[in-house]
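Please read the structure below before turning to the comments.
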Amino acid sequence: MLRNDLKEIRQAALSAVDPAAAVRRHLQIVEGELRVAGESWPLAELERVLLLSAGKAAVPLAEAAVELLGAHLETGLVVTKYEHATSAKLPARVPVIEAGHPVPDEAGHHGAAAMLELLAESSPRDLVLVLLSGGGSALLPLPVHGVTLPELQATTELLLRSGATITELNAVRKHLSRLKGGQLARAAAPAPLVALILSDVVGDPLDVIASGPTVPDPTTYADAWAVLGRYGLRPEAPTAVRMHLRAGLAGERPETPKPGAVLFERVHNQIIGSNRQAALAAVDTARRLGYQALLLTTFVEGEAREAAQLAATLAKGIRRHGDPLAPPACLVWGGETTVTVRGTGKGGRNQELALAAAQALAGWEEIAIMALATDGTDGPTDAAGAVVDGSTVQRARELGLDPQAALDQNDAYPFLAATGDLLRLGPTGTNVNDLLVILVGPVARIEHV
């Protein structure tokens, strides 16, 4: 029963952050005016409307915008992750490029360059509509002059394996890019620009989502250089990357556009979907199913296996003592954990969290935990995460599997595939970070002291 309820909760959470529905709420044509993000433009005064969409949810975002704009849209470009555009329904004037994520590739490089080319002749009578979602950083790699794509790829891989947070990773990306950190907005000048943004970052900081291509960048070359130092990556980073960042530190490279820059007076950014929306929908659905439910936070960060220990501790408290809720109970949190990779296995942060939680819950009955990447792809795998319970480890041992050995090798994917606990959903079409749902069933012995 718990797993069936988790499925219903998952579906409700994903439906709450449907990208197309979010666009329709924020983009409208009323009485000859295009109204978007609280601003309006008379269509008769616009020469062209250009559409740029990037990220894992780029296709459904673009489809909704194209449907609404119709003939008012002159042209556009969509860049999304491989296998995220298989059912795209877009006109020829809005081509789709599929590219690499989380490590950028040549296809993404081509897409980013094509976006810059589309903006090359923009005028004050144009309107640039930008639709952004998580994954945009990796999918739009256009390295600064002097840094090659392979050097950017190597730097990205180093940061991903180090356990750096998304904020730290993007501080470096912004200073190695010609699009990120407000530079797409600078390229669109003098045209006004509106960005509708689906957030996949803890706390919804606009400058971090997709590395903030339309947003002032508060980070500096010093911040980017400090990130490499913090994780001991300076000796391993490509020479060209180190040289560029050090030149920026010395004032020999232009900084990204900063808060207060005049160019942002014509730029409007609006978040249209977030992790909190998905989490609240999960809580509402759990209550409808008969659980006492509580949203703990949407600011979870840190090592995945440490978060797993906390999740298991909370579940045990409910099961044994009815704290903080009496069963049947549901706890929800959102955020983004990290994994410091020390092994050579296959997995993602949600799979690692699920495996560590399963180990901590071994033998406990009527508890199930779902760790979910809302985009449907957890790390470099085809899984969205996993659902585990108190029987997961026992089932694994019957198959000759050792949970601790799998954790030591960061090898959660084959372990959870063998136990049948892996979640394979395919691309969900949205991307608002991760959710964790703890369900504790109704049968429990609650001790009163």
Inset, instruction - Please enumerate the residues belonging to the stretch 27-66 that are in a strand (DSSP E or B), more than 22 Å from the chain's Cα centre (by Cα) and within 21 Å of P91 (Cα to Cα). - result: L27, Q28, I29, L34, R48, V49, L50
Inset, instruction - Those residues that are surrounded by fewer than 23 Cβ atoms within 10 Å (Cβ to Cβ), in a loop (DSSP other than H, G, I, E, B) and in contact (Cβ under 8 Å) with a residue 60 or more places away in the chain, I need them from the stretch 408-424; list them, please. - result: Q409, D411
Legend entry - Selection count where residues are closer than 16 Å to L435 by Cβ and among the aliphatic types (A, V, I, L, M), scope the stretch 320-358: 5
Legend entry - Test result for Q309, under 22 Å from the mean Cα position of the chain (by Cα) and at pLDDT 95 or above: no
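A quick yes/no check of all residues on (1) closer than 19 Å to E306 by Cα; (2) surrounded by fewer than 24 Cβ atoms within 10 Å (Cβ to Cβ); (3) not assigned by TED's automatic domain parsing to the domain that holds T297:
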{"position": "W333", "(1), (2), (3)": "yes, yes, no"}
{"position": "T344", "(1), (2), (3)": "no, yes, no"}
{"position": "A354", "(1), (2), (3)": "yes, no, no"}
{"position": "V388", "(1), (2), (3)": "yes, no, no"}
{"position": "T392", "(1), (2), (3)": "yes, no, no"}
Inset, instruction - Among what's in the stretch 75-107 and is under 23 Å from L129 (Cα atoms), surrounded by 15 or more Cβ atoms within 10 Å (Cβ to Cβ) and among the charged types (D, E, K, R), pick the residue that is farthest from the chain's Cα centre (by Cα). - result: E98
Inset, instruction - Working carefully through the options G302, G317, G379, G363, find the one that is in contact (Cβ under 8 Å) with a residue 40 or more places away in the chain and outside the structural domain of Y82 (by TED's automatic domain parsing). - result: G379
Legend entry - Elements of type helices (runs of 4 or more DSSP H) contained in the stretch 79-177, each with 3 or more residues being in contact with a helix residue (DSSP H, G or I) (Cβ under 6 Å, 6 or more places away or on another chain) and of a type in the set (A, V, I, L, M, F, W, C): 166-174
Inset, instruction - Name the one entry in R230, R288, R246 that is without any contact (Cβ under 8 Å) to a residue 12 or more places away in the chain, loosely packed, with under 15 Cβ neighbours inside 10 Å and of a type in the set (K, R). - result: R288
Legend entry - Complete set of residues in the stretch 144-171 that are under 17 Å from G212 (Cβ atoms), buried (at least 24 other Cβ atoms within 10 Å of the Cβ) and of a type outside the set (A, V, I, L, M): N170
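The values are calculated or read from the model by the stated rules, or taken from the named source; none is laboratory data. If you're wondering where the values come from, they're calculated on a predicted model, not measured in any experiment. Counting neighbours? That spans all protein chains shown, and the Cβs are built from the backbone with ideal geometry, glycine included.
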